[in-house]
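I have placed the structure first, in the form of structure tokens, so that the comments after it can refer back to it.
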Amino acid sequence: MAKTNELGLTKKDYKGAPTTLCQGCGHNSILSQIVAACYEMDMLPEDIVKFSGIGCSSKAPTYMLDRSFGFNSLHGRMPAIATGALLGDATLTGLGMSGDGDSVSIGMGQFKHIIRRNIRLVYIIANNGVYGLTKGQLSATSEVGLTLKKQGTNELEPIDVCLEAMASNATFVARAFSGDPKQVKTLIKAALHHDGTAILDIISPCVTFNNQDDSMHSYTWGREHKEPIHDISFIPARDEIMLEDFEEGTVQDVVMHDGSKVRLKKLDRAYDPTNRMAAVHIIEESNANKQLLTGLIYVDPSRPSLTSILNLPETPLNRVSAEELRPAKDTLTEINAAMF
Ligand SMILES: Cc1ncc(C[n+]2csc(CCOP(=O)(O)OP(=O)(O)O)c2C)c(N)n1
Ligand code: SF4
Ligand SMILES: [Mg+2]
């Protein structure tokens, strides 16, 4: 008998079509962790809606959560589609999967505005520093000096996903490496409980076009330069608080809006992910030192999402009938009169 979660569902209930991504592609590992996180968090697949743009990374939603809703949109336009859908039905949990080309090249404007609006969406950027689907062009996150077979050497400075998110006033910014499944899964769980846009920049090697040892998006580089800022665990509101034996004074809990906690065990540095200036500093510092900083970089669980600001009714907008929406004749006359 296959193991089941609290909903009586097996892990298979969270899977999708068999992957057509290359064997060893980092995106496949991210997919597995999304499936594992949703299964372990006892989420009903029908309560989830998946979004993506165009790219190998954006194909990924097909290979997970078959029973969920989904919209594979246009290149770089996933945030606009997600915004509309999640305002239309704010009871759904939004899960976006995009790439560095999709979000940081063509989709940069959309990326910034969804963050500014703080739409409740787990927004994963599977960042491989290359356009994988179109066979290996340089992307806006490719590092200076990266040499790709088709394009030659990159001379342009890369854009840092996390810094851009910070500059747009993101309320949740994290970075991970697809080769570290435990950390990826924990960050996805925390992101699923964030009431706003949760940006997850996951370095995800493209084994076909950008996995040479000296590339800053390769498995070798990721493994050798990975610098976790803390050991991270996620504790759902219903669970006992003390799951692990942390030493006094080395732990910081961040309470999410639903009462669940992100528990951060400090490693060698004292780092507070609720301090905005410290977050910007640590990203800049790790870039200067050519380190792959991983963990929860910044979180502000207090800022309201657009759904809360708009004070939407309990009934999802897409289920409010035309009759209910149409004001009564008298009301309309009153409104019109007030305009003269
Ligand atoms: C408007 C538009 N311009 C260009 C393309 C071609 N195109 C498809 S995917 C892609 C890049 C994908 O790169 P990324 O988002 O990094 O995904 P990856 O394949 O690397 O996972 C491009 C340029 C397109 N589909 N639509
Ligand atoms: S081309 Fe690269 S990004 Fe696309 S599936 Fe293959 S390894 Fe993954
Ligand atoms: Mg890419």
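Considering only the other residues whose Cβ falls under 11 Å of the Cβ of residue 57, what net charge follows from Lys and Arg at +1 and Asp and Glu at -1? Kindly include the intermediate steps, with their values, before the conclusion.
On the way: positive: 59; negative: 100, 102.
With Lys, Arg at +1 and Asp, Glu at -1, the net is -1.
Select from 168, 283, 45 the residue farthest towards the positive end of the dipole of the chain; place +1 on Cβ of Lys and Arg, -1 on Cβ of Asp and Glu, and compute about the Cα centre.
45
Let me check the size of region 1-104 from its C-alpha atoms; what are the radius of gyration and Dmax in Å?
Every Cα atom of region 1-104 included, Rg and Dmax give 13.7, 44 Å.
Taking the Cα centre of region 212-340 as origin and charging only Cβ (+1 Lys, Arg; -1 Asp, Glu), how large is the dipole, in debye to the nearest 20? Before the final figure, lay out the partial values.
Values: 14 positive and 23 negative charges, 81 e Å.
Dipole about the Cα centre, nearest 20: 380 debye.
Taking the Cα-to-Cβ direction at residue 42 and at residue 74 and moving 7 Å from each Cα, how far apart do the two end points lie in nm?
4.2 nm
Using helices alone, I'd like the mean residue ellipticity at 222 nm for the chain: each DSSP H run of four-plus residues gives -39500 (n - 2.57), total over residue count, nearest 500. Mind showing how you got there, number by number?
Values: 11 runs with 98 residues, N = 340.
The helix-only estimate for the chain comes to -8000 deg cm²/dmol at 222 nm.
Using Cα springs under 10 Å in a Gaussian network model of the chain, which residue among 317, 31, 87 shows the largest mean-square fluctuation?
Among 317, 31, 87, the largest mean-square fluctuation in the Gaussian network model of the chain belongs to 317.
Take every DSSP beta bridge whose two residues both sit in the chain, then give the antiparallel share in percent to the nearest 5.
Numbers: 21 of 51 bridges.
Restricted to the chain, the bridges split so that about 40 percent are antiparallel.
I need the per residue convex hull volume for the chain, using only the alpha carbons, in cubic angstrom as a whole number.
On the way: hull volume 58.1 nm³, N = 340.
Per residue, the Cα convex hull of the chain comes to 171 Å³.
Quick one: which of 266-272, 300-306, 138-144 comes out on top by average Cβ neighbours within 10 Å, and what's the full order, highest first? Mind dumping the intermediate values first?
Values: 266-272: 12.7, 300-306: 16.1, 138-144: 21.7.
Highest mean packing first, the order is 138-144, 300-306, 266-272.
Sum up the charges of everything whose Cβ sits under 9 Å from the Cβ of residue 283, counting Lys and Arg as +1 and Asp and Glu as -1, but leave residue 283 out. Write out the running numbers ahead of the final one.
Numbers: positive: 175; negative: 160, 284, 285.
Spelling it out: positives minus negatives among the neighbours equals -2.
Work out the length of the dipole vector of the chain about its Cα centre, built from +1 on the beta-carbon of each Lys and Arg and -1 on the beta-carbon of each Asp and Glu, and round it to the nearest 20 debye. Let's see the in-between values first.
Working: 33 positive and 41 negative charges, 192 e Å.
Roughly 920 debye for the chain.
Which one of 15, 182, 261 has the biggest mean-square fluctuation once the chain is modelled by GNM with Cα springs under 10 Å?
Of 15, 182, 261, the most mobile in the Gaussian network model is 182.
How charged is the neighbourhood of residue 98? Take every other residue with its Cβ under 14 Å from the Cβ of residue 98, and add Lys/Arg as +1 and Asp/Glu as -1.
Values: positive: 50, 59, 77, 112; negative: 100, 102, 164, 201.
Summing Lys/Arg as +1 and Asp/Glu as -1 gives 0.
Any idea which of 105, 70, 81 is furthest toward the positive side of the dipole for region 32-105, if Lys and Arg beta-carbons carry +1 and Asp and Glu beta-carbons -1?
Value computed over the given set: 105.
With contacts defined as alpha carbon pairs under 8 Å and 6 or more residues apart, what's the relative contact order of the chain in percent? Don't skip to the answer; put the middle values down first.
Details: 690 pairs, mean separation 52.5, N = 340.
Relative contact order, the chain: 15 percent.
Roughly what % of DSSP beta bridges within region 112-232 run antiparallel, to the nearest 5? Numbers along the way, then the final one.
On the way: 5 of 17 bridges.
Antiparallel bridges make up about 30 percent of those DSSP assigns within region 112-232.
For region 15-30, list residues with backbone N below 15 Å from a point placed 7 Å from the Cα of residue 67 toward its Cβ?
15-17
Round to the nearest 10 and give me the degree value, 0 to 90, for the angle of helix 26-40's Cα axis relative to the longest principal axis of the chain.
That helix lies at roughly 50 degrees to the long axis.
Going by average Cβ density within 10 Å per residue, which order do the peptides 324-335, 193-204, 54-65 take, highest to lowest? Each step should come with its number before you reach the end.
Working: 324-335: 9.5, 193-204: 27.2, 54-65: 24.7.
Order by mean packing, descending: 193-204, 54-65, 324-335.
Could you calculate the contour length gain from residue 134 to residue 274, that is, 0.36 nm times the residue separation minus the distance between their Cα atoms, to one decimal place in nm?
Numbers: separation 140, 0.36 × 140 = 50.40 nm, distance 3.85 nm.
Answer, rounded to one decimal: 46.6 nm.
Any idea what angle helix 78-88 forms with the longest principal axis of the chain, computed on alpha-carbon atoms, 0 to 90 degrees, nearest 10?
It works out to around 30 degrees.
Report, in degrees rounded to the nearest 10, the 0 to 90 angle that the Cα long axis of helix 108-117 makes with the longest principal axis of the chain.
50 degrees
Which of 190, 80, 237 ends up with the largest GNM mean-square fluctuation for the chain, with Cα atoms connected below 10 Å?
The residue with the greatest mean-square fluctuation here is 237.
Dividing the convex hull volume of the alpha carbon atoms of region 1-41 by its residue count, what do you get in Å³ per residue?
Values: hull volume 3.0 nm³, N = 41.
Hull volume over Cα atoms, normalised by residue count, gives 73 Å³.
A short reminder: the numbers here are calculations on the coordinates, not readings from a lab. What you see is a predicted model; the values in this text were computed from it and never measured. As a convention, Cβ positions derive from the backbone with ideal geometry for all residues, glycine included, and neighbour counts pool all protein chains shown.
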